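Worksheet: the structure to be examined is printed underneath.
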Amino acid sequence: MINRRSAIRLAGAGTLSAVAGQQLVARAGTAELPQGLALGRGGHGAHTGAAMSTVRPDDAGTRPDLEKFTLPLPLLRTAKPVTTRGGQDVYLSSIREVTAEIFPGHRVPVYGYFGSWVPPVIRARSGRRTVVIQRNETKVPVSVHLHGGVNRDVFDGQMSRPVTPGGVFSYVYENDQPAAALWLHDHTHHTDAENVYRGMSSPYVVTSPEEDALGLPSGEFEVPLVLRDGDFGSDGRLVFTMDDTEHRSTVLVNGTPWPRMDVKRRKYRFRVINSSAMRFFVLGLSDGTPMTQIGSDASLLEAPVTAPVVVVSPGERADLVIDFSQWAPGTEVDVVNYIGPGPMEDVGQVMRFRVGADAPDDSVVPERLTTLPPVPAATVKRAFTLESSEPGVTPMFGSINGRSFDMGRVDTTVRFGTTEEWTVTNANPTVPHNFHCHLAHMRVVDRSTGPAAPNELGLKDTVQIFPGESIRVRLTFDRYRGVYPYHCHMLDHGAMGMMAQLKVV
Ligand code: C2O
Ligand code: CU
Ligand code: CU
């Protein structure tokens, strides 16, 4: 059995070899490498984590000049199925190395699902099967996970099931779950943090007839907003440095730094997805006007929650309604972020709405949005402790219950049909974590710091845990048997070992 100390040493060994590898690259002059080589550098790197850059190049943090709120927000297209016959919608996506002009005038290499830095949204229907044929046209292994999806383990896009370069895999999603915004992202062993950072990410929305009947803002007034941060070089290229929370200070929405959106004077529904690897956002509107939250990760809330701030940690979603009729035409309202790290003049700004002309609005936000099953009683209790190295401390490590991730190990065995209560604790003094479980959605019971917040009473798949805090959640494992991961969704922490596996038997 591996104890905590030897786990730390093992994790440290991996990290050290990554450092050594990167130092060689750095000495060769990372900044002068042809841009294409910056993608997936070091290949898979097996357990050495060679693709995890730990040395930040000299020109990082010198992004090209850009006046904030000048670039238009790209509106995400709806993906078109190649066929809808046989009771299922089939999509074809090529995962490619492509170029994108993130900063105007600078074409840089990135990855893209559907071959695009700003990929379309798959819109699935609750209860109707979706098949996504993913062709890996990159030079690195990939694995596509539907975050928040309830799926068989073979289709869950896990670390142990990579699609090799040139390979094709058809992911089958039953969508036997409520309406919610889910998220497709890379989950390859050791390289997911970097792959997602470089673009392997796209939204996946499940809708349902019950949700349609509510009369929420829809069509062009329902807008996915995929938030993230990034560190950029002077040539506008994305710079990835493992566990770097300090320097990813450019905020992007739908792949665009600090965009602007022209809105009509009516209600909009915004599906906010935090696709950052490490950044928590504490979102608000610049004049303090409250926003209405109608849904979170994996379902609508039973009733709308109105609050001046909404916290979204990496992997979490917030389904928000903003009524722009409360501002005069010509008003500019910004989405702001109240929390660092990074300079607040950068990370404190997210995007700008410019309020335009009136528009008819027959949408409503009903008082009652859905009815969720009561929080079930649990028959099994477990405790999990998350811990990572504090910033600046080497070797970097991440662990759950003192053990760093081992893909060949099952950490927790769960009986099919059981409801369990998990108490998950963040043992770090200063580093926040969050907790994500595949397969089973969570119901929050309470926190060591107080009751569950009203906006975390829906079906959750990712919960925030602040330093020193514990959260109690209940999960029911009555859908599929198989092996599934649970982990901190700060992706660099997951890649550092803060990940484990359960087996439903
Ligand atoms: Cu969003 Cu294990 O993943
Ligand atoms: Cu997931
Ligand atoms: Cu973490």
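Data overview
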| quantity | calculated |
| --- | --- |
| Residue in the stretch 382-389 that is open to solvent by 20 Å² or more (accessible area, probe 1.4 Å) and in a loop (DSSP other than H, G, I, E, B) present | no |
| Positions within the stretch 471-489 being hydroxyl-bearing (Ser, Thr, Tyr) and surrounded by 19 or more Cβ atoms within 10 Å (Cβ to Cβ), in sequence order | Tyr484, Tyr486 |
| Residue match in the stretch 68-80 (condition: open to solvent by less than 20 Å² (accessible area, probe 1.4 Å) and farther than 14 Å from Pro257 by Cα) | yes |
| Unmet requirement for Asp243, which otherwise passes all of (1) open to solvent by 20 Å² or more (accessible area, probe 1.4 Å); (2) at pLDDT 95 or above; (3) in contact with a helix residue (DSSP H, G or I) (Cβ under 7 Å, 6 or more places away or on another chain) | (2) |
| Sole residue being outside any strand (DSSP E or B), over 25 Å from the mean Cα position of the chain (by Cα), of a type in the set (D, E, K, R) and under 30 Å from Gly215 (Cα atoms), chosen from Arg368, Arg354 | Arg368 |
| Search result, residues across the stretch 458-486 that are more than 13 Å from ligand 3 (Cβ to nearest atom), touching a residue at least 60 places away in the same chain (Cβ under 8 Å) and either assigned to a strand (DSSP E or B) or under 23 Å from Pro429 (Cβ atoms) (or both) | Lys460, Arg474, Thr476, Gly482, Val483, Tyr484, Pro485 |
| Selection status of Val309, of a type in the set (Val, Ile, Thr) and open to solvent by 10 Å² or more (accessible area, probe 1.4 Å) | yes |
| The listed residue being within 18 Å of the chain's Cα centre (by Cα), crowded, with 21+ Cβ neighbours inside 10 Å, of a type outside the set (Ser, Thr, Tyr) and part of a strand (DSSP E or B), out of Arg248, Arg228, Arg279 | Arg228 |
| Residues (assigned to a loop (DSSP other than H, G, I, E, B) and under 20 Å from the mean Cα position of the chain (by Cα)) located in the stretch 282-315 | Ser296, Asp297, Ala298, Ser299, Val309, Ser313, Pro314, Gly315 |
| Exclusive hit being within 24 Å of Gln88 (Cα to Cα), touching an Asp or Glu at 6+ places or on another chain (Cβ under 9 Å) and touching a residue at least 60 places away in the same chain (Cβ under 8 Å), set Pro203, Pro178 | Pro178 |
| Restricting the stretch 142-197 to residues that are among the polar types (S, T, N, Q) and within 27 Å of Val223 (Cβ to Cβ), the residue that is surrounded by the most Cβ atoms within 10 Å (Cβ to Cβ) | Asn195 |
| Enumeration of residues in the stretch 282-306 that are in contact with a Phe, Trp or Tyr (Cβ under 8 Å, 6 or more places away or on another chain) and open to solvent by 20 Å² or more (accessible area, probe 1.4 Å) | Val282 |
| Conditions (1) assigned to a strand (DSSP E or B); (2) more than 26 Å from Pro224 (Cβ to Cβ); (3) aliphatic (A, V, I, L, M); (4) out of contact with any Ser or Thr (no Cβ under 6 Å at 6 or more places or on another chain); number of the one not met by Ala377 | (1) |
| Scan of the stretch 336-365 for residues that are among the hydrophobic types (A, V, I, L, M, F, W, C), in contact (Cβ under 8 Å) with a residue 40 or more places away in the chain and open to solvent by 50 Å² or more (accessible area, probe 1.4 Å), ordered by number | Ile339, Ala357, Val364 |
| Test: Pro329 is without any contact (Cβ under 8 Å) to a residue 12 or more places away in the chain, in a loop (DSSP other than H, G, I, E, B) and either within 30 Å of Thr62 (Cα to Cα) or open to solvent by 50 Å² or more (accessible area, probe 1.4 Å) (or both) | no |
| Complete set of residues in the stretch 114-161 that are modelled with pLDDT of 95 or more and among the polar types (S, T, N, Q) | Ser116, Ser126, Thr130, Gln134, Asn136, Thr138, Ser143, Asn151 |
| Only listed residue being over 30 Å from Ala440 (Cα atoms) and modelled with pLDDT under 95, chosen from Val364, Val347, Val393, Val375 | Val393 |
| Filtered residue count, the stretch 339-372, keeping only those that are under 18 Å from Val226 (Cα atoms) and of a type outside the set (A, V, I, L, M, F, W, C) | 4 |
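The values are calculated or read from the model by the stated rules, or taken from the named source; none is laboratory data. Nothing here was measured: the structure is a model prediction, and the numbers come from that model. Cβ sites come from the backbone with ideal geometry, for glycine too, and all protein chains shown count toward neighbours. Ligands, DNA and RNA are stripped out before the accessible areas are found, and what is left, the full protein with its side chains, is counted by its heavy atoms. Shrake-Rupley method; radii C 1.70, N 1.55, O 1.52, S 1.80 Å.
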